[in-house]
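> The structure that follows is given in the form of structure tokens.
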Amino acid sequence: MKNRIVVSAVCVFDNAGRLLTVRKRGTSMFMHPGGKPEAGESAVQAAARELAEEVGIVLDPGELRLMGVWIADAANEAATDIEATVFMAPGTWEARPSAEIAEIRWLDLPALDGVAELPGDLAPLLTDHILPVLARQP
């Protein structure tokens, strides 16, 4: 049986319509900014806190829009699933790596449309759940 980690994550876009991904120190996979809720913290509160800590984007939790909850293979931990509550940040943003974030990368979603193979360093939550949902949006 797989372990399960509960996390919150946020989809953030820049003014060019690109999706923000982050790579944590000591890892090779790119994913959403986000992380595990602290004791007593709701999923949306954790999402807003992690967004501020990891990439310097400060939002009121009430501004985040719920996209959904998905279970996916953990990107950086073997034999582990994540249960991810994913939110959408309103508007467009600039980001800077902070805390445990080693690198940020903006994904040009229209450039990925029709590409047979996605970059191999994207987390399963992104490739299996979020990118297909975003591709269906107008």
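> Evaluate the distance, in nm, between pseudo-label points positioned 7 Å from the Cα of Glu63 and of Ser28 along their respective Cα→Cβ axes.
3.7
> While we're here: Note down the relative contact order for the stretch 3-126 as a percent, whole number, built from C-alpha pairs under 8 angstrom at least six residues apart.
36
> Averaged per residue, what accessible surface does the stretch 1-103 expose to a 1.4 Å probe, in Å²?
49
> Let me ask you something else. Can you tell me the dipole magnitude for the chain around its Cα centre, using point charges on the Cβ only (Lys, Arg +1; Asp, Glu -1), in Debye to the nearest 20?
40
> Follow-up. Within the accessible area of the chain, what % is carbon and sulfur when the probe is 1.4 Å and the other protein chains stay in place?
Whole-percent figure for carbon plus sulfur exposure: 51.
> Still on this structure: Assuming R0 = 30 Å, what is the FRET efficiency of Val6 and Glu94, from their Cβ-Cβ distance, to the nearest 0.05?
About 0.55, to the nearest 0.05.
> Okay, helix-only estimate at 222 nm for the chain: each DSSP H run of n ≥ 4 adds -39500 (n - 2.57), divide by all residues, round to 500 deg cm²/dmol; what do you get?
Value at 222 nm, helices only: -4500 deg cm²/dmol.
> Separate question: Between the stretch 44-65 and the stretch 1-43, how far is it from one alpha carbon centroid to the other, in angstrom?
Using only Cα atoms, the two centres lie 11 Å from each other.
> For Ala79 and Glu53, calculate 0.36 nm times their separation in residues minus their Cα-Cα distance, and state this gained length in nm to one decimal.
6.6 nm
> If all Cα-Cα distances of the stretch 15-100 are sorted into 5 Å bins from 0 onward, what percent lands in each bin, rounded to whole numbers?
Bins of 5 Å from zero give 3, 13, 24, 27, 21, 10, 2, 0 percent of pairs.
> Right, another one. Looking only at the chain, where both bridge partners belong to it, what percent of the DSSP beta bridges are antiparallel (to the nearest 5)?
Antiparallel bridges make up about 65 percent of those DSSP assigns within the chain.
> Can you tell which of Ser28, Ser42, Ser98 shows the greatest fluctuation in a Gaussian network model of the chain with Cα springs below 10 Å?
Looking only at Ser28, Ser42, Ser98, the biggest GNM fluctuation is shown by Ser42.
> Continuing with this model, one more query. Provide the net charge surrounding Trp93, with neighbours chosen by a C-beta distance below 13 Å and charges set as Lys +1, Arg +1, Asp -1, Glu -1.
-2
> May I ask for the Kirkwood hydrodynamic radius of the stretch 70-111, worked out over all distinct Cα pairs and given in angstroms to one decimal?
Averaging 1/r across every pair of different Cα atoms and inverting gives 13.4 Å.
The values are calculated or read from the model by the stated rules, or taken from the named source; none is laboratory data. Note that the coordinates shown come from a computational prediction; the quantities given were computed from them, not determined experimentally. For neighbour counting, all protein chains shown are included, and Cβ atoms are generated from backbone atoms with ideal geometry for every residue, glycine included. Surface accessibility is based on the protein's heavy atoms, side chains included, excluding ligands, DNA and RNA. Shrake-Rupley method; radii C 1.70, N 1.55, O 1.52, S 1.80 Å.
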